[in-house]
Amino acid sequence: MHAGCSSSRFTRKCVAAVGGILASFILAAHPALAKLANCTGSAFAVPHLTVSSVADVAAAGSTPEYCQVAGVVVTDGEGAGPGSAQFVLKLPATWNNRFVFFGCGGNCGSVTSLSANGTDIAEALGLGYAVVNTDTGHEQSASTPDPTWILIAPGVPNTPGIIDFFYRAVHQVTVATKEYVKAYYGGEIQHAYFDGCSTGGRQSLVAGDRYPRDFDGLIAGDSVMDRSGQSAASLKQAKAFLNAYIPFATVTLVDAAIKASCDAADGVADGLIQNPAKCSFDPDSLVPATLTQAQADALKIYFETLKDSKGNIVYPGMSLSDLSTAGFEGQDEYKTAPTNPNAAEPWGAAGVGSTAWTLGDPGTRYYVEYDPGFDVNNAWPQSGDVIAADALKLLRERFAGADSYHPEKIHDFLHRGGKLILYHGFSDALVSAYRSIWFYSALAEQESGYSALQKSARLFMVPGMGHCAGGPGPNSFDTLKALDNWVTHGVAPDSIVATSSTGRTMPLCKYPEEPSYSGTGDVNSAANWTCRPDDHRLFEVGANGRAAGVGGDHDSDGDDTHRSGREDDDSRSRSGD
């Protein structure tokens, strides 16, 4: 998935979302004078690594000359048989003794499928980083929407390929390419980072969970950390509108009503909702003038939590902000009505439909049922906002190796000095922004409060941003420099300035702080906004936040319960230490 999207079709969309930034990173090798001494066809002797091509790539724009090494790492162990993962390693002419691994999108399956902070991708080589990425151990054709690589045959999973995708390939490519980097430059790597968004965000957290010594710092954006919950939530979102399609023109009217209700709650009506969870907007208020009752009911299902049949809340609802501009419809989500809502494939062909459907449907057929022909729409026990408890149990078993939402698993990484930057677009229409808040709140409880947690991990919510990019708010920002400054100099980022495509700037504040407008000056300038340590307004929750699971107890994995968004949470009472 674009991180988290479960089809190659959406992977292409995720790559396109970052636009020219990603394109600059995956440039094909240019013919160039071989000025880099070690950039030759001869490979360094690195166990399990085979080089397939080496090219000296000429400098272009802000990207310096670099040596591009493509090859394969043989994977093995970690509970599965042998496999192999392709990689591309880029070695700049001037090295800063640092290493960064960029995550991939969707089901990965290609060395060109990248999903990470676009600003970081664009600047890494120019800053001197050795840069690597991988296909995670399988190839998936862009013309094949279904993840067919998951099965050797119906009922027979490709266990090595699945384990490589879940966690093994990134780790073993990291180990091997680090050795190549050291041999190439004849020096040691001082600091290593993982930088990913969506599926890449999940990969970042998995690396910290399972291999706490692989990286010194992690960046995880819009993370599909709860892969099992995300699969079920995606189906909930898509199925809500099967019989209540809302045309884009109507969505824009809904969006306008939401802004009229919520925009000024942060103190300034500027077209940007700083805290969607604080809203108390009722879709029924638009019936019948704008919506039918069925459409309003569908929106309520979209906004509210997913529960199991025992009543446990298992995944948060979606944010209601920026539906018409951040991916819900018109960009990625529900732009086409299903041709037959009751068919096994409502849009007429497997792997086709709304993005939410193309996340949940193939993921269920291949990863969970091991049956490409399984009728998810009619046979999977999930209806409305409820999934059968036994189906949820099976989901969690199948995705156990991919899930990275258990706070105790990243304890070793944080306590050996690792630094973690999380971010999430508040208007993400694919992966609920509230899932990152759940995770960060659980980390705060584990680490004795927000003040203690912020010494090693910080979350930045991005108002108006869609899934890893896009949306009407300031959504271009630099996390790589912020992370490196934290790791190398001990300077934790209190805020990160973000810029929109229109030039608007605004500070992103560390959770639970919300940007505060000074009351004077241009609202489009970051100079007139501040982040205050005593400002905990992102804890404030209205009816929409409560419906989405922000501010109530929830059972996120069947055996633990924690609070999110509660003013009386003990961990929050200590956040002013």
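The values are calculated or read from the model by the stated rules, or taken from the named source; none is laboratory data. Every value quoted in this text rests on a predicted model; they were computed, and no experiment measured them. Please note: Cβ atoms are built from the backbone with ideal geometry, for glycine as well, and neighbour counts cover all protein chains shown.
Listed here are the helices (runs of 4 or more DSSP H) enclosed by region 351-445 that have at least 1 residues being surrounded by fewer than 24 Cβ atoms within 10 Å (Cβ to Cβ): 376-379, 389-398, 411-415. Look at region 488-508: where a residue is closer than 14 Å to R458 by Cβ and a partner is surrounded by fewer than 18 Cβ atoms within 10 Å (Cβ to Cβ) and of a type in the set (S, T, Y), sitting 6+ places away or on another chain with Cβ atoms under 8 Å, you get P507/T530.
So, of the residues in region 457-489 that are assigned to a helix (DSSP H, G or I) and in contact with an Asp or Glu (Cβ under 7 Å, 6 or more places away or on another chain), which turns out to be surrounded by the most Cβ atoms within 10 Å (Cβ to Cβ)? Checking each candidate, the answer is L480. Restricting attention to region 126-146 and to residues that are modelled with pLDDT of 95 or more, more than 20 Å from P82 (Cβ to Cβ) and touching a helix residue (DSSP H, G or I) at 6+ places or on another chain (Cβ under 9 Å), the residue that is surrounded by the most Cβ atoms within 10 Å (Cβ to Cβ) turns out to be N133. Within region 494-521, the set of residues being out of contact with any helix residue (DSSP H, G or I) (no Cβ under 6 Å at 6 or more places or on another chain), surrounded by 16 or more Cβ atoms within 10 Å (Cβ to Cβ) and of a type in the set (S, T, N, Q) comprises S495, T499, S500, S516.
Per this entry, K300 is not counted among residues that are buried (at least 24 other Cβ atoms within 10 Å of the Cβ), closer than 30 Å to A402 by Cβ, under 28 Å from the mean Cα position of the chain (by Cα) and basic (K, R). Suppose the filter is surrounded by fewer than 23 Cβ atoms within 10 Å (Cβ to Cβ) and under 19 Å from the mean Cα position of the chain (by Cα); does A122 pass it? Yes: the conditions hold for A122.
Within region 260-269, which residues are farther than 17 Å from K300 by Cα, within 28 Å of the chain's Cα centre (by Cα) and touching a residue at least 12 places away in the same chain (Cβ under 8 Å)? Hits for region 260-269 are A265, D266. Among the residues of region 151-195, the ones that are hydrophobic (A, V, I, L, M, F, W, C) and buried (at least 19 other Cβ atoms within 10 Å of the Cβ) come to 12 in all. Note on region 393-410: residues that are farther than 14 Å from V206 by Cβ, touching a residue at least 12 places away in the same chain (Cβ under 8 Å) and either out of contact with any helix residue (DSSP H, G or I) (no Cβ under 7 Å at 6 or more places or on another chain) or not assigned by TED's automatic domain parsing to the domain that holds S309 (or both) total 1. Contact map, region 281-297: first residue without any contact (Cβ under 8 Å) to a residue 24 or more places away in the chain, second residue surrounded by fewer than 14 Cβ atoms within 10 Å (Cβ to Cβ), Cβ cut-off under 7 Å, separation 6 or more or different chains; pairs are V287/Q293; A296/D284.
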